[in-house]
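A quick write-up on the structure given underneath.
Nothing in this text is a laboratory measurement; each read-out follows from the coordinates by a stated rule. None of these values were measured; they are calculated from a predicted model. Here Cβ is always computed from backbone atoms with ideal geometry, including for glycine, and neighbour counts include all displayed protein chains.
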Amino acid sequence: MVEIDCCERWEAYFRLKELGITCDCKSYQPLRVHVVSANEAIQVWCVTNRLAQSRQSLATWLESCLTLVQ
């Protein structure tokens, strides 16, 4: 279970819909996602992880990725 705030929950919902993943998000209810494949599970993890992490944590991760590429 991943906890994200209300505004980010809607952002996750719309992004998952764009990816073609079946999900449901009603007012004052948790985001429910129907995952049918490993690929969808990874996509859900990526979307929710990005929203659950702090901006600083994401920036540090990106910097480490860029260091590996160089």
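Structure notes:
- Label of the coordinate-derived value, volume of the Cα convex hull per residue in Å³, listed as (i) 144; (ii) 81; (iii) 102: (iii)
- Selection of chymotrypsin sites (Phe, Trp or Tyr not before Pro), segment 1-32, meeting DSSP coil and at most 12 other Cβ within 10 Å: 28
- Each of residue 50 and residue 22 was given a label point 7 Å from its Cα along the Cα-to-Cβ line. The distance between the two points is 2.4 nm.
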